[in-house]
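The values are calculated or read from the model by the stated rules, or taken from the named source; none is laboratory data. Remember, predicted model here, so these are calculated numbers, not experimental data. Quick reminder, even Gly has a Cβ in these numbers, built from the backbone with ideal geometry, and neighbours come from all protein chains shown. The protein model used for the area step is the full one, side chains on, heavy atoms only, and it has no ligands, DNA or RNA in it. Shrake-Rupley method; radii C 1.70, N 1.55, O 1.52, S 1.80 Å.
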Amino acid sequence: MGSFHVRPASLTRSSICVFLASASLACGPAAMPPVEEPVLALPPLMWGGVAAEDLDPDPDVVEVSLRAEERALDLGGGKVLPMFTYNGLFPGPRIEAKVGDEVVVHFFNDLDTPQTIHWHGLRISDQMDGSPRIQDPVEPGGSFEYRFVVPDAGTYWYHPHVRSNVGVERGLQGALVVHDPADPHFDLERVLVLDDLLLGMDGNPPPFLATPMEQRHGRQGNVMLTNGQLGGTVTAEAEVGQVERWRLVNSANARTMVLTVAGASFWVVGTDGGRLPEPYRTSRLTLTTGQRYDLQVHYETPGRVTLVNRMTNHDMQGNHVMVVEESFSVSVLDTRRAPTEIVWAPMADFPERAIDRWEEMIFDLVQGDDGLEWRINGRTNPMRPIYTFEEGDTVSLRLRNESDHEHPFHLHGQFFEIAGTANPGLKDTVLVTAWSDVLITAYLDNPGRWMAHCHNLEHAELGMMAEILINPAP
Ligand code: C2O
Ligand code: CU
């Protein structure tokens, strides 16, 4: 069982700042373009990208400032591109809190398009969720203060929710980690934000939603990125016996990833909604857009450990092509140290809940007057809620895909489980493959107006976006 003498979240934040200062990188919002943190003899607790500076000394308050601005960034190998950034960084700074903390975000929009920030997966108030149906988008030059308490430990992320297909592709995305002080102490926790980017013949991003290909498949990139750096170039060192937690985020617009860790043994220990009661082993992990997984990775032999990503791509004719990418690799050195022991405190299974309602959402595609329309229950982007529920309802929701394309379905502000599946854990996003049904059990415990949409961001932009209403309990 993990025993702590220091609060891990505050320890994490301060140690990162000390580490960054000693590596002569700025620690904070005005930091430099992303530079992969060099490997240290004594690893910091967290690795991957740059941590956001906490402006509030109160250990239970995390106060950060995020400024959306355009910045030319080197994505590695001398590939410099004008990106949309938070604080000049891509991905944006990693926000870290511990469960129950208050998070305050001072957001400034220095881009020339309206923006909101959505805190993907967090069960917070709908007023703070970044939904443009609730919050007036922040105009260029404007600002907004987000303020919420993080109720659940886990791996989350943030991104805009106005023309998100453009914003996320151009770089507006960042990880948000909520620590549980009761979790065991790993040698290191790595945040790996996995993305792709589409570059045209001239090396620049082509226009958005301009081709039938992109309207159908979503914008699938031809360049893979890990923490904002060209895939395969992100490397680190570790020791035999080291045990790490990897927090994986798929921030791509439209690309499902099939991952494995080669050269090490690993367990799945967490999903979108946090820790699993029963960690499991698997040979490959399907990570669709918007989803997260937490892995516990054991380095048992010296050599190379690689995060391998096998994906289906589409060529210009729409044919399937397999792509294999090494997203990240670690050289594991044999220093003959004893393996770190990781002991998780026992955790009860999620309680069984009786179903209160049965509903369904049907995803399909029609040819509209102005191009393709992606629909939920026969409508594109209806402004009124398609269902009204009561707080605390347990709803069995059938997700029916009546199209040739997959849909990563995302529900804001709630968790659900996939019914009758070998894919356990709390989720906020689930992949519904072409012409298939997925049955989920949704725990509607967070009242408000909540978006329910496809996380293929092009599909969402072309109509696959709805809202449900959850009335507060009297
Ligand atoms: Cu990450 Cu509504 O989305
Ligand atoms: Cu879709």
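Here are some notes:
The rows are residues; the columns are (1) out of contact with any Leu (no Cβ under 6 Å at 6 or more places or on another chain); (2) modelled with pLDDT under 95; (3) assigned to a loop (DSSP other than H, G, I, E, B).
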position: Val39; (1), (2), (3): yes, yes, yes
position: Pro44; (1), (2), (3): yes, yes, yes
position: Asp56; (1), (2), (3): yes, no, yes
position: Val62; (1), (2), (3): yes, no, no
position: Arg67; (1), (2), (3): yes, no, no
position: Arg71; (1), (2), (3): yes, no, no
position: Gly76; (1), (2), (3): no, yes, yes
position: Met83; (1), (2), (3): no, no, no
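- Taking strands (runs of 3 or more DSSP E) as the structural unit, no element lying wholly within the range 266-375 holds at least 2 residues that are over 23 Å from Val430 (Cα atoms), out of contact with any strand residue (DSSP E or B) (no Cβ under 7 Å at 6 or more places or on another chain) and without any contact (Cβ under 8 Å) to a residue 12 or more places away in the chain.
- The residue of the range 386-405 that is most open to solvent (accessible area, probe 1.4 Å), among those that are more than 16 Å from ligand 1 (Cβ to nearest atom) and either modelled with pLDDT under 95 or part of a loop (DSSP other than H, G, I, E, B) (or both), is Asp404.
- Checklist (1) within 16 Å of ligand 2 (Cβ to nearest atom); (2) buried (at least 17 other Cβ atoms within 10 Å of the Cβ) applied to Asn377, failing item: (2)
- Test: Arg133 is modelled with pLDDT of 95 or more, within 12 Å of ligand 1 (Cβ to nearest atom) and open to solvent by 20 Å² or more (accessible area, probe 1.4 Å): yes
- Residues satisfying the stated conditions in the range 277-317, i.e. under 19 Å from Glu417 (Cα atoms) and exposed (fewer than 15 other Cβ atoms within 10 Å of the Cβ): Pro277, Glu278, Tyr280, Arg281
- Single condition Leu411 does not satisfy, out of (1) among the aliphatic types (A, V, I, L, M); (2) at pLDDT 95 or above; (3) over 17 Å from Leu457 (Cα atoms): (3)
- Of residues in the range 318-370 being among the polar types (S, T, N, Q) and surrounded by 12 or more Cβ atoms within 10 Å (Cβ to Cβ), the one farthest from the chain's Cα centre (by Cα): Thr340
- Test: residue in the range 201-214 that is of a type in the set (A, V, I, L, M), on the phi > 0 side of the Ramachandran plot and open to solvent by 10 Å² or more (accessible area, probe 1.4 Å): yes
- Of the criteria (1) in a strand (DSSP E or B); (2) of a type outside the set (Lys, Arg); (3) open to solvent by less than 10 Å² (accessible area, probe 1.4 Å); (4) out of contact with any Pro (no Cβ under 8 Å at 6 or more places or on another chain), which one Phe144 fails: (3)
- Filter pass, Met383 being within 16 Å of His453 (Cα to Cα) and part of a loop (DSSP other than H, G, I, E, B): yes
- Strands (runs of 3 or more DSSP E) wholly inside the range 183-253 that include at least 1 residues being within 16 Å of ligand 1 (Cβ to nearest atom): 188-197, 243-250
- Pairs linking a residue in the range 87-113 that is under 16 Å from Asp56 (Cα atoms) and open to solvent by 20 Å² or more (accessible area, probe 1.4 Å) to a residue that is assigned to a loop (DSSP other than H, G, I, E, B) and of a type in the set (Asp, Glu), with Cβ atoms under 8 Å and 6 or more positions apart or on different chains, are Gly100/Asp60; Glu102/Asp60.
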